[in-house]
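Working notes, structure below.
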Amino acid sequence: MAKNIKTRADDYAQWYLDVIKAAQLADHSPVRGCMVIRPDGFAVWEAIQRDLDHRFKETGHVNAYFPLLIPQSFLTREAQHVEGFAMECAVVTHSKLEKKEDGSLGPAGELEEPLIIRPTSETMIGSMYSDWIQSYRDLPVLINQWANVMRWEMRTRMFLRTAEFLWQEGHTAHETFDEAEEETRRMLDVYASFAEESLAVPVLQGRKTEREKFPGADVTYTIEGLMQDGKALQCGTSHNLGQNFAKAFNIEYLGRDQKKHHCWTTSWGVSTRLIGALIMAHSDDDGLVLPPRVAPTVAVIVPICRKDEEKAKVRDFIERALTAILGPEEVAAARHRVVAHGLESYFFDHVTHQKILVDWRDTRPGDKHFHWEQRGVPFRLEVGPRDVDAESLVVKRRLDREKETVALDDLSRDWLQGRLDDFQSRLLERARRFRDENTRTATSYDEMKKILANEGGFVRAYFEPGEAAEERIQAETKASVRCIPFDQPAASGKCILSGNDTPTQVLFAQAY
RNA sequence: CGGGGCGUGGCGCAGUCCGGUAGCGCACCUGCUUUGGGAGCAGGGGGUCGGAGGUUCGAAUCCUCUCGCCCCGACCA
């Protein structure tokens, strides 16, 4: 049992923070609500970026970068948008610091128009698109940007909700509503398959209700994941913005019919929140559990030896094992790599830079076991004198602590890749089972209340979405409509609140 | 932003009520013995007690203000 991590049953919120701390994913910053993403946390983000960026490009998008600062007036152009974001905008009003009479520094050089730090970039990008787009021949525009944004949240939680966070925002402009709608759904699909394939987080896809949608969107689609405490987490959203921003920013094109038309635009994004989703979906009371596809270190080799002669034997055997897995070139190249004291670093993959580490630090094996377990390294390979004699090593799987003995002759790149793939699919399977076991159907409001109070998780129910009804349910149960799932039943049923006949089933849950 | 809790070496805490030279465990450094699931002994380094004012001969301790974190609520990716 980990000494420095509270158990999930004991205190889930503290457990979450303890896991982040123990795995050194992030740290608090001196500024409220902001966090420092440490190398192992950032490596996970880089893995997410690399994978998603590939998927974006495969679907025809290109990257660009738009500025951090946005004229305040931009935000006010789209009525719903400004209403949604005004309360959480950081505003830049001055251009410099000056010494005041009392000798202290204070803001000076007041700006003519205040600038806001982007909470999202629809307005800035809309303004540029209105310049760039003249005719239907310029369409579609398919741009993504990787950026930071800032939303001055009242209550923050590491990765799940921080004042500043990293994300990607795709912004596209199209000739027709249908094209925009197709794009919106396409990118939601990209998110859903990414979440499942790379993060091993199974997600439910659906449409947000009017109450829950993005300010300024006609339609918002979402992928929703389920965390181990039974709360839902919105993992990504894709918006069909209709012509709202096109009208606000004059994004017009001359059509095939020789007439001016407003474009149809979309936007879609996922953020560093996904790292929070990973942690809460997979980790356990021993610490972090990472899906191999995003793990910075895929395996760690722990030597076990007493005397110097044993050490030489073990070292020699480890080198043979590494050579079998990585080939002699990488083993040789690693000799010249500068790494942390006592750790040898080998690249398992030179594209993703995922590593295999050998832990030669002068601590005891037990310490190392806990150390790497907390950091979520998928596999631990133990090599002691007995293993050397038997020409084999012990492989321990982080997922379930399963132990197996593998002969040196059986080691290869394919072998490890196979073990990693197996880990990845087991992890997804486990998360999917948890999600399915915690998705229930309610036929009455009372039944739903009971489920939410006792079990948590997703509750499917017939329901007529509406501001008043949703507000009442949230006030009484803390649950909101996470989405109107795409897979709807053939038959209609009775709304759990009004009793009216409705074809619509929705997914309720308490959410982060 | 409202209610509650907490800030004391890197981490976890005692000391605060009742003011009197800042302590414990883990971690860290050195040495020896150790090493198959969190080692033992010896020695050593590190804290203006979140910050700023105030009361006092004297403040971790009392008072005022402030900052941060956690929990619950309202808001949100």
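FYI, it's all coordinate maths here, none of it is from the lab. In this text, all values refer to a predicted model and were calculated from it rather than measured experimentally. Virtual Cβ from ideal backbone geometry, glycine too; neighbours counted across all protein chains shown.
Show me the GluC sites (Glu not before Pro) within region A:377-446 that DSSP assigns to loop and that have at most 14 other Cβ atoms within 10 Å of their Cβ.
Values: sites: A:382, A:391, A:402, A:404, A:429, A:437; in loops: A:391, A:402.
When the GluC sites (Glu not before Pro) of region A:377-446 are filtered for loop state and at most 14 Cβ neighbours within 10 Å, A:391, A:402 remain.
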Considering Cα pairs under 8 angstrom that are at least six residues apart, work out the relative contact order of region A:384-490 and quote it in whole percent.
14
Quick calc: nm separation of the 7 Å Cα→Cβ label points for residue A:96 and residue A:182 -> 5.4
Taking R0 as 51 Å and r as the Cβ-Cβ distance between residue A:472 and residue A:135, the FRET efficiency 1/(1 + (r/R0)^6), rounded to the nearest 0.05, comes to 0.55
May I ask for the angle, rounded to the nearest 10°, between helix A:12-22 and the longest principal axis of chain A, with both axes built from Cα atoms and the value confined to 0 to 90°?
60
Karplus (6.51, -1.76, 1.60) ³J(HN,Hα), θ = phi - 60°, over region A:141-148, in Hz, Gly and Pro reported as x:
9, 10, 10, 10, 9, 9, 7, 9
Principal axis lengths of region A:295-418 from Cα atoms, whole Å, largest first?
37, 32, 30
Only helical DSSP H runs with n ≥ 4 go in: add -39500 (n - 2.57) per run for chain A, normalise by residue count and round the 222 nm mean residue ellipticity to 500 deg cm²/dmol.
-10500 deg cm²/dmol
Residues in region A:126-146, backbone N under 16 Å from the label point at residue A:258 (7 Å along the Cα-to-beta-carbon vector): list them, ranges by number please.
A:136
How tilted is helix A:467-477 with respect to the longest principal axis of chain A? Cα atoms for both, answer in degrees (0 to 90, nearest 10).
40
What do you get for the angle between helix A:413-437 and the principal long axis of chain A? Use alpha-carbon atoms, 0 to 90 degrees, nearest ten.
50
Using each residue's phi in region A:184-189, evaluate 6.51 cos²θ - 1.76 cosθ + 1.60 at θ = phi - 60° and report the 3J(HN,Hα) Karplus result to the nearest Hz, with x for Gly and Pro.
4, 6, 4, 6, 5, 4
Quick one: of A:6/A:450; A:311/A:403; A:449/A:478; A:231/A:449; A:6/A:478; A:231/A:450, which pairs are farther than 21 Å apart, Cα to Cα?
A:6/A:450; A:311/A:403; A:6/A:478
Quick one: compute the contact order of region A:72-171, relative version, from alpha carbon pairs under 8 angstrom and 6+ residues apart, as a percent.
24
Local electrostatic count at residue A:56 - Lys and Arg +1, Asp and Glu -1, tallied over other residues with Cβ under 14 Å:
-2
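Between residue A:436 and residue A:110, what is the FRET efficiency for a Förster distance of 45 Å, r being their Cβ-Cβ separation, to the nearest 0.05?
Numbers: r = 57 Å, r/R0 = 1.27.
E between residue A:436 and residue A:110, to the nearest 0.05, is 0.20.
Could you work out the relative contact order of chain A? I mean the mean sequence separation of Cα pairs under 8 Å and 6+ apart, divided by the number of residues, in percent.
On the way: 1034 pairs, mean separation 72.2, N = 512.
Rounded, it is 14 percent for chain A.
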Compute the distance in nm between two label points, each set 7 Å from the Cα along the Cα-to-Cβ direction, one at residue A:46 and one at residue A:73.
4.3
Modelled FRET efficiency - R0 60 Å, residue A:87 with residue A:312, Cβ distances, 0.05 increments:
0.40
For region A:248-316, the percent of all C-alpha pairs falling in each 10 Å bin, from 0 up to the bin holding the max distance, is 14, 20, 14, 16, 15, 9, 5, 6, 1
Sort A:152, A:45 so the one with the fewest other Cβ atoms within 10 Å of its own Cβ comes first.
A:152, A:45
Can you work out ³J(HN,Hα) from phi for every residue in region A:300-317, in order, using Karplus 6.51 cos²θ - 1.76 cosθ + 1.60 and θ = phi - 60°, giving whole Hz and x for Gly and Pro?
10, 9, 10, x, 10, 7, 9, 8, 4, 5, 5, 4, 4, 4, 5, 4, 4, 5
Distance between modelled label sites at residue A:486 and residue A:422, nm, 7 Å Cα→Cβ extension:
3.3
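Treat region A:12-282 as a sphere of radius equal to its Kirkwood radius over Cα pairs and apply Stokes-Einstein at 25 °C in a medium of 0.890 mPa s; give the translational diffusion coefficient in µm²/s, rounded to a whole number.
Working: Rh = 19.8 Å.
Estimated diffusion coefficient is 124 µm²/s.
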Calculate how large, on average over all directions, the projected area of the Cα convex hull of chain A is; give the answer in nm² to one decimal.
30.6
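Summing Lys, Arg as +1 and Asp, Glu as -1, what charge do residues with Cβ under 15 Å from the Cβ of residue A:473 carry, residue A:473 excluded? Show your work: numbers first, answer last.
Values: positive: A:211, A:449, A:450, A:460, A:472, A:478, A:482; negative: A:210, A:212, A:446, A:447, A:464, A:467, A:470, A:471, A:476.
Surrounding charge for residue A:473 is -2.
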